[in-house]
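Student: Before we start, here is the structure in question, set down as structure tokens.
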Amino acid sequence: MLRGINRQTIFGDDEDNEKFLYVLEDCKKICEFEIYGYCLMGNHVHLLLKEGKESLASVFRRIGARYVYWYNRKYMRNGHLFQDRYKSEVVENDSYFAVVLRYIHQNPIKANLCDFLYEHKWSSYHDYIQKRGLTDYELALGIIDESNFVDFMERDINEKCLDNTKQHKQLTDDELINLIECELGIKALMVQNQSREKMENTLRSILEMNDVSTRQLARVTGISNNIIWRL
């Protein structure tokens, strides 16, 4: 999630929304990430992404730099537009993926901006219904049966996701590498040289550190994602 600094409006009109989606699509081509859901909400935006060849931090730097430059020129302003660092959490199984996607799509209803999902113009819900747009909709339609998709998205359930959870500042790869060495006394790339049992115990210990994701752990240790996912 990206939020406007001091909760200020970051999407004032249709042109702003359209520009942000254009920037998002352009950055998607460059960074090769996949996007499974989005919702533009006036003073913040929700995105459900899968990293590609660049980290989330790099992705959001690109998005921020391009959109803020344009926004500041349009509104004749200077300085930051987004509040601090983006908020994020890891989605590691199909059931929670479906919950997060529904939560994102239902944001406008929960905020009393509309009564029905289709009434909010600036969300990926329309991409799923029309099977077009910048959303990579195939994964979700494989997890949530396509014939049940609308009913699942519209189901009124008081789910709590990113906005309602205590957030920790996600470690950078370098910070995680240093933490592993300081806390566990082993260099990150040497974890894979341990015996299988010891390696798995080390990996479990690292995953408990400050919301470390399996993807990030795979990057810094050189160990396959599949091995870490099975822990």
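Readers should treat all values here as calculations from the given coordinates under stated rules, not as data from a laboratory. These numbers come from a predicted model, not from an experiment. In this analysis, Cβ positions are derived from the backbone assuming ideal geometry, glycine residues included, and neighbour counts consider all displayed protein chains.
Student: Please rank H80, H105, H44, H126, fewest neighbouring Cβ atoms within 10 Å first, as an exposure proxy.
Tutor: Taking fewest neighbouring Cβ atoms as first place, the list is H80, H126, H44, H105.
Student: Just to be sure I understand the model, the point goes 7 Å from the Cα along the line to the Cβ. What's the resulting R7 to D174 distance in nm?
Tutor: Result: 3.5 nm between the two label points.
Student: Where a ≥ b ≥ c are the square roots of the eigenvalues of the C-alpha gyration tensor, would you call region 173-229 rounded, which needs a/c under 1.5, or, failing that, prolate if a/b is larger than b/c, or oblate?
Tutor: rounded
Student: Hey, fewest Cβ within 10 Å first, where do S213, S195 land in order?
Tutor: Fewest-to-most Cβ neighbours within 10 Å comes out as S195, S213.
Student: Here is a further query. Can you compute the FRET efficiency between Q194 and R215 using 1/(1 + (r/R0)^6), with r the Cβ-Cβ distance and R0 = 25 Å? Round to the nearest 0.05.
Tutor: The pair Q194/R215 has a calculated efficiency of 0.75.
Student: Once you've got the Cα coordinates, tell me which of K53/K74; K28/K121; K19/K53 are over 27 Å apart.
Tutor: The answer is K53/K74.
Student: Starting from the Cα of K87, draw a straight line to each of the aspartates and glutamates and keep only those under 13 Å, dropping any in the same chain fewer than 8 residues away.
Tutor: D163, D211
Student: Which chymotrypsin sites (Phe, Trp or Tyr not before Pro) from region 69-151 combine a DSSP loop assignment with at most 13 other Cβ atoms within 10 Å?
Tutor: Numbers: sites: Y69, W70, Y71, Y75, F82, Y86, Y96, F97, Y103, F116, Y118, W122, Y125, Y128, Y137, F149; in loops: Y86, F116, W122, Y137.
Answer by residue number: F116.
Student: Something else: List C31, C39 from most exposed to least, where exposure is judged by having the fewest other Cβ atoms within 10 Å.
Tutor: C31, C39
Student: Further question on the same structure: Need one number: nm distance between label points at E34 and S58, each 7 Å from Cα along Cα→Cβ, rounded to one decimal.
Tutor: 1.9
Student: Return an integer: the convex hull volume of the alpha-carbon atoms of region 2-164, in Å³ per residue.
Tutor: Dividing the Cα hull volume of region 2-164 by its residue count gives 114 Å³.
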